[in-house]
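Asker: The structure under discussion is supplied below as structure tokens; questions concerning it will follow.
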Amino acid sequence: MSKRDYYEVLGVSKTASADEIKKAFRKLAVKYHPDKEGGDETQFKEVNEAYEVLKDAQKRQRYDQFGHAGVGGSSAGGGNPFEGFGGFGGFGGQNVHFDFGDGGLGDIFGQFFGGGGRNQGPTKGRDVEAQVALTFEEAIFGVEEKISLDMDDECSHCHGDGVEPGHSMKTCSSCQGAGQQTRVMNSIFGQIQQAVTCPTCHGKGKIPEKVCSVCKGKGTERRKQTVTLKVPAGIDDGATIRLKERGEAIGGGARGDLYIHIRVKAHKKFTREGDIILSEEHVSMAEAALGAEIDVETVDGKVRMKVPAGTQSGTDFKLSGHGVPHLNKDSRGPHIVSVIVDTPAKLSRRQKEILEEFAATEKKRSIF
């Protein structure tokens, strides 16, 4: 299925200004945000993809000239490393993956060039992924979250060594404590000796006199754990926080890592663009014409903002320091308020008379 034209996705013309493109994106991003009722993740991604190209002057120029091909994901690696070697095994520049596997040529070459056998023993526990959903305000100001996870943890009975308390480790009888065994392989080079990890002790050189009665020598047991996550102020939707060695435990090795994926729920009034918070405020036609002071909602509460006389609908005003905090800094971005001038749908007789008088005055002024 071919991609839709990016201008069509955002509903703007090819001559649209950067400001028009930005406003179109804001409107559609709020409409299709997947965490909002009635949102559409597929369309949200399509809108975001279109905006990422059209907001960048250079990308937009390439897109206008070459279409989607001009901004496509071409390989940054500079092409196929086998390209041009048509005689190499008859591969002719195809993407070829060589996997020698255990006991294959990779291990043989390792023996020739001084490499040891592969250690098959576990060295690190499994990495764990989890997702946390935050409100818009929690993402802006930061929050402390407690996450409950079901993971392999250190065995409470043997404390991870796999030995029944009161007993100790003994030398592995299979490898005599070496952690490796030597085996002879027949190869194209003749018989070759190869060192492999001992399958009995998994490279440790020792085994328990008696295995732990709780974990059966594994060193871990499954249980529910609570992890406290400190989410920094200013984190954005889609960010990932890595907690080193807070994943699953493993006997005789380090813990894995815990990766927390952040999702930020859509706000009914605010949207976000980097460190900028965006919102709209409606004013009456009279307030826009004569000027007024209005109360504007921000994440910090209501702020008084001056609307100058003669303000046009769509005019943006900046409230400095009321936007998104910069990560690990004391500064914050701005809050941009777009003023929308409401035209009354119904007028009283007196209001209509006043507007007719105004219209007549304007017509006379234009004549002279």
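The values are calculated or read from the model by the stated rules, or taken from the named source; none is laboratory data. Being a predicted model, the structure only gives us computed values, none of them experimental. Neighbour counts run over all protein chains shown; Cβ positions are idealised from the backbone, glycine included. In case anyone asks, the SASA skips ligands and DNA or RNA and just uses the protein heavy atoms, side chains included. Shrake-Rupley method; radii C 1.70, N 1.55, O 1.52, S 1.80 Å.
Asker: When the stretch 10-59 is examined, which residues are found to be of a type in the set (Lys, Arg), more than 21 Å from Lys268 (Cβ to Cβ) and at pLDDT below 90?
Answerer: Within the stretch 10-59, Lys45, Lys59 meet the criteria.
Asker: A follow-up question, please. Out of the stretch 204-232, which residues are out of contact with any Cys (no Cβ under 8 Å at 6 or more places or on another chain), part of a loop (DSSP other than H, G, I, E, B) and more than 29 Å from Glu129 (Cα to Cα)? Don't jump to the end; show me each part of the working.
Answerer: Going residue by residue through the stretch 204-232, those that are out of contact with any Cys (no Cβ under 8 Å at 6 or more places or on another chain) are 208-211, 213, 216-217, 222-232.
From what's left, part of a loop (DSSP other than H, G, I, E, B): 209-210, 213, 216-217, 232.
Glu209, Lys210, Ser213, listed by residue number.
Asker: Can you find even one residue in the stretch 288-307 that is farther than 21 Å from Arg26 by Cα, among the hydroxyl-bearing types (Ser, Thr, Tyr) and either in contact with a strand residue (DSSP E or B) (Cβ under 9 Å, 6 or more places away or on another chain) or open to solvent by 60 Å² or more (accessible area, probe 1.4 Å) (or both)?
Answerer: No; the residues of the stretch 288-307 include none that is farther than 21 Å from Arg26 by Cα, among the hydroxyl-bearing types (Ser, Thr, Tyr) and either in contact with a strand residue (DSSP E or B) (Cβ under 9 Å, 6 or more places away or on another chain) or open to solvent by 60 Å² or more (accessible area, probe 1.4 Å) (or both).
Asker: If you go through the stretch 129-144 one residue at a time, how many are in a strand (DSSP E or B), touching a Lys or Arg at 6+ places or on another chain (Cβ under 8 Å) and either without any contact (Cβ under 8 Å) to a residue 24 or more places away in the chain or more than 11 Å from Ala233 (Cα to Cα) (or both)?
Answerer: Summing the residues that are in a strand (DSSP E or B), touching a Lys or Arg at 6+ places or on another chain (Cβ under 8 Å) and either without any contact (Cβ under 8 Å) to a residue 24 or more places away in the chain or more than 11 Å from Ala233 (Cα to Cα) (or both) in the stretch 129-144 gives 4.
Asker: Restricting to the stretch 171-181, name every residue that is part of a strand (DSSP E or B), open to solvent by 70 Å² or more (accessible area, probe 1.4 Å) and free of Cβ contacts under 8 Å to residues at least 40 places away in the same chain. Give the derivation first.
Answerer: Of the residues in the stretch 171-181, the ones part of a strand (DSSP E or B) are 171, 180-181.
Filter once more, so that each one left must be open to solvent by 70 Å² or more (accessible area, probe 1.4 Å): 171, 180.
Of everything in the stretch 171-181, just one residue is part of a strand (DSSP E or B), open to solvent by 70 Å² or more (accessible area, probe 1.4 Å) and free of Cβ contacts under 8 Å to residues at least 40 places away in the same chain, namely Thr171.
Asker: Any chance the stretch 268-278 includes a residue that's open to solvent by less than 60 Å² (accessible area, probe 1.4 Å), within 30 Å of Thr220 (Cα to Cα) and within 15 Å of the chain's Cα centre (by Cα)?
Answerer: no
Asker: Answer yes or no: is there a residue in the stretch 150-160 that is loosely packed, with under 12 Cβ neighbours inside 10 Å, under 30 Å from Lys329 (Cβ atoms) and in contact (Cβ under 8 Å) with a residue 40 or more places away in the chain.
Answerer: No: the stretch 150-160 contains no residue that is loosely packed, with under 12 Cβ neighbours inside 10 Å, under 30 Å from Lys329 (Cβ atoms) and in contact (Cβ under 8 Å) with a residue 40 or more places away in the chain.
Asker: Of all residues in the stretch 142-174, which are in contact with a Pro (Cβ under 9 Å, 6 or more places away or on another chain) and either closer than 21 Å to Lys218 by Cα or of a type in the set (Val, Ile, Thr) (or both)?
Answerer: His157, Cys158, His159, Asp161, Gly162, Val163, Glu164, His167, Ser168, Met169, Lys170, Ser174
Asker: Right, something else. So, in the stretch 182-224, how many residues would count as being among the polar types (S, T, N, Q), buried (at least 16 other Cβ atoms within 10 Å of the Cβ) and either within 20 Å of Ser156 (Cβ to Cβ) or at pLDDT below 85 (or both)?
Answerer: Total meeting the criteria: 2.
Asker: Looking at the stretch 52-59, can you tell me whether even one residue there is free of Cβ contacts under 8 Å to residues at least 12 places away in the same chain, of a type in the set (Asp, Glu) and assigned to a helix (DSSP H, G or I)?
Answerer: Yes - at least one qualifying residue is present in the stretch 52-59.
Asker: I've got another one for you. Taking the stretch 121-136, which residues are under 30 Å from Thr271 (Cα atoms) and either among the basic types (Lys, Arg) or open to solvent by 70 Å² or more (accessible area, probe 1.4 Å) (or both)?
Answerer: Selection gives Glu129, Gln131.
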